Every structure is written in C-alpha cells, then in structure tokens.
Amino acid sequence: MTAAPAASLQTIEVALTTHPYPVVIGNGALQQLGDWIRERGFKPGTKVLVVTNPVVHGHYGEAALGSLAAVGLDASALVIEAGEDQKTPATVARIHDAAFERRLERGSLIVALGGGVVGDMAGFAAATWLRGIAVVQVPTTLLAMVDAAIGGKTGVNHPGGKNLIGAFHQPRLVLIDPATLATLPEREFRAGMAEVIKYGVIGDPELFSRLETAGPISTQASVGPALLQALLERSAAAKAKVVAADEREGGLRAILNYGHTLGHVVETLCGYGTWLHGEAVAIGMAAAGEIALAMGLWTAGEQQRQLALIEAAGLPHRWPDLDQDAVLTCLQGDKKVRDGSVRFVLPTAIGQVEIRSDVTAATIATALARRAD
C-alpha cells in the first residue's frame with residue numbers, strides 16, 4: 001500500500017459531473033507524481049508513457065521517471081520536439097507509434113511533462129489511442145500551468161488554422177510544481193503572464209488590481225514566490241469553475257478565448273514560432289479591447305489599464321503588419337465560428353466580458369489600424 005501524498009500541497013477540484021479530477025499545486029509536487037497517480041487508482045505494473053521534450057527531459061525527466069518507478073509503475077519516456085511548428089498530426093503519430101511499441105493498453109496512462117504544446121499533443125494522442133486512454137498533465141511552463149493543462153482541450157494545428165484538429169479529453173490529474181519554472185526562459189514566463197492577465201479581465205477584477213499594484217511582473221523574480229503561488233491558485237480555480245460549468249464550450253467557456261481569436265490570426269499569418277502563444281494572446285487582448293472601445297462597450301481608461309498591465313508584463317500589444325483580407329479570411333476559418341459569424345469575446349469592464357457575433361469587418365479594420373505599429 002503506497003503512502004498517501006503529502007497534504008502540504010494545495011488541491012483545487014475540477015468538479016465535472018463525470019470524471020472530476022484534482023489540480024495539485026505546490027513546490028515539490030513533481031517528487032510526488034507517482035504517489036498522486038497511485039492515489040487516482042492506477043495499480044503497480046501499469047504501463048506509463050511519459051511524453052516530454054529534450055529540454056524538460058534533461059531537467060525533470062529523471063525525477064518524474066524515478067517517482068513513477070518508486071511506486072511500481074512501468075514507466076518509460078518518449079522525447080519529442082515541441083515547438084509550435086511541431087504541433088502536427090505527424091508528431092502525434094510518433095506518440096501513437098511509441099504507444100504501440102510499448103504495448104500501451106486501455107488501462108495504461110500517458111503523462112504529459114512539459115508546456116502547452118506537449119500537453120496538447122500528448123492529450124490528443126491519449127484521446128485517440130484505443131479510443132481513449134488516461135492522461136495526466138504535468139505542466140512545466142507558466143502558460144500551461146494556468147491554462148493549457150486544465151480543462152481537457154487537446155489538439156494540433158492545421159495549415160489553415162490553430163488547433164483545428166482535436167478532442168475534449170479530460171486529464172485524470174493535473175500536477176503543478178512551481179519549482180519547475182526555475183529553468184523556464186524569461187520570455188516563456190512573460191508569455192504565461194498573458195493568460196493570467198486574461199483571467200483578470202474576464203472575471204477577476206481583484207486579481208487584475210493585485211497585478212497592477214505588484215509593479216513589474218515580467219520575470220519570476222519580480223513576481224516572487226508568494227504572488228506566484230496565488231496566481232497559480234486563482235487561475236486554476238477560475239479555469240476549473242468555468243470548465244465545470246461548461247465542459248465542451250457550449251456557452252460560458254467561450255470567455256476563456258478572450259484574446260485568442262485574433263491571437264490565433266497572428267500566430268497563423270505570421271508563422272508558428274514567430275510569436276509565442278502568450279505573446280499572440282497579449283496582442284489579441286489589446287486588439288479585442290480596441291474593438292470593444294470602438295463599439296462603446298468599455299472606456300478608454302479601461303483599455304489603457306489593460307495596455308499598461310500588458311506592458312508591465314513585458315508583452316507586445318501592437319498589431320503586426322498583416323493584409324486585412326487575409327485577416328478576415330483567417331477569422332472565418334476559426335473553430336469558434338458559428339453560422340458563418342465570428343464570435344468575439346469583448347470586455348465591457350475590467351472583470352467582465354460578453355460574447356458578440358455582430359462585429360463588422362469595418363470595425364475590425366478600424367480597431368486593428370489603431371493598434372498597428
């Protein structure tokens with residue numbers, strides 16, 4: 001009988017009607033990965049495929065595999081390249097090949113150890129191997145910790161747009177160890193802060209104000225451990241609440257796409273890898289705020305507060321030089337289009353947004369021109 005995981009870690013429940021799961025947060029969590037997986041009902045001898053990338057594997061692969069082996073799980077690693085340009089069906093096929101070679105069964109488990117790209121691909125592979133096997137998310141980037149690892153959205157990119165191929169497949173566990181951020185490049189940390197700012201705009205004005213008074217928030221050192229832990233917990237709780245209310249994005253969950261509709265346009269038209277996902281989201285939030293301003297949904301003062309916080313996080317907010325027709329065409333290919341109309345998440349106040357399908361091409365063009373370099 002394995003010992004119960006240590007109680008010092010904070011646990012937030014994603015309270016789905018079927019298959020609820022915990023988000024576990026705290027320094028040292030990675031060392032307890034095996035214990036937490038056993039706690040979720042996986043028996044000794046269970047085959048576990050840890051999917052990771054070269055950098056993360058070098059830093060944390062040994063700790064993860066050691067923790068799994070210590071509780072009797074039959075674990076091995078698959079190391080894949082994980083840049084945004086690698087987020088393709090071909091890379092998922094490599095995970096499927098490894099699952100076949102290592103004889104993963106319906107009771108087996110895939111562990112995603114890495115950032116959002118690894119989590120999306122490993123989650124999609126788990127969703128589609130043997131019509132669905134279990135996945136555990138162990139995010140090692142701030143962006144994945146506060147957003148991508150929670151909620152069960154998995155997928156890969158198509159040449160026509162981001163995340164057009166995918167599935168909803170909830171993890172059995174999300175394990176977040178802030179200590180793994182020690183090796184995260186500062187640019188990646190800043191990209192994660194975009195998603196934290198998003199939570200403030202869409203529903204947590206107290207979080208937004210706390211970020212405003214924190215001073216520079218562009219590095220882990222400037223944020224500090226206490227605020228970092230608070231940001232992780234508040235973001236996870238916000239995501240968990242929305243996902244539990246709307247698991248498959250039928251309504252409320254769409255607010256989590258704030259900044260993403262236009263952000264995906266930036267990623268697609270500029271080429272994957274030109275901007276990190278969080279950087280593109282920051283640009284998309286600034287653009288969405290400009291559209292909201294043009295439509296009279298919120299004030300110039302609120303837009304300026306958003307821009308100032310994006311700047312404090314060291315993130316970009318100017319719209320790149322993109323052909324307007326290409327932008328409109330790309331928007332029509334977005335997976336959130338309904339009945340031919342693009343749905344925009346637009347702010348009406350700090351802490352409040354609404355979903356609109358009545359944004360005209362002229363309004364988009366005017367707003368983007370105002371945000372242009």
Those residues of region 183-217 which are of a type in the set (Ser, Thr, Tyr) and within 18 Å of the chain's Cα centre (by Cα) amount to Tyr199
In region 148-196, anything within 22 Å of Gln32 (Cα to Cα) and of a type in the set (Asp, Glu) is listed as Asp177
The condition from (1) more than 23 Å from Ile12 (Cα to Cα); (2) surrounded by fewer than 23 Cβ atoms within 10 Å (Cβ to Cβ); (3) touching a helix residue (DSSP H, G or I) at 6+ places or on another chain (Cβ under 9 Å) that Ser67 misses is numbered (1)
Of (1) farther than 22 Å from Glu13 by Cβ; (2) touching a Pro at 6+ places or on another chain (Cβ under 8 Å), Met145 fails just (1)
Taking first residues from region 106-134 that are farther than 12 Å from Thr46 by Cα and not assigned by TED's automatic domain parsing to the domain that holds Lys47 and second residues anywhere that are among the hydrophobic types (A, V, I, L, M, F, W, C) and surrounded by fewer than 24 Cβ atoms within 10 Å (Cβ to Cβ), the pairs with Cβ under 7 Å that are 6 or more apart or on different chains are none
Going through (1) of a type in the set (Gly, Ala, Ser); (2) closer than 26 Å to Glu302 by Cα; (3) buried (at least 21 other Cβ atoms within 10 Å of the Cβ) one by one, Ala240 fails only at (2)
Of the residues in region 125-150, those that are closer than 17 Å to Leu30 by Cα and part of a strand (DSSP E or B) come to Val135, Val136, Gln137, Val138, Pro139
For Ala149, the lone unmet condition from (1) at pLDDT below 95; (2) in the same structural domain as Ala122 (by TED's automatic domain parsing); (3) buried (at least 24 other Cβ atoms within 10 Å of the Cβ) is (1)
Discussion item. Going by what's in this entry, would Gly119 be described as in contact with a Lys or Arg (Cβ under 9 Å, 6 or more places away or on another chain), under 18 Å from Trp36 (Cβ atoms) and assigned to a helix (DSSP H, G or I)?
Written reply: no
Quick count over region 74-101, residues being among the aliphatic types (A, V, I, L, M) and either touching a Phe, Trp or Tyr at 6+ places or on another chain (Cβ under 7 Å) or farther than 25 Å from Thr154 by Cα (or both), is 2
Answer yes or no as to whether Gly200 is over 20 Å from Thr348 (Cα atoms) and outside the structural domain of Asn53 (by TED's automatic domain parsing).
-> no
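The values are calculated or read from the model by the stated rules, or taken from the named source; none is laboratory data. Just so you know, these numbers come straight off a predicted model, no measurement behind them. Backbone-built Cβ (ideal geometry, glycine too); neighbour counts: all protein chains shown.
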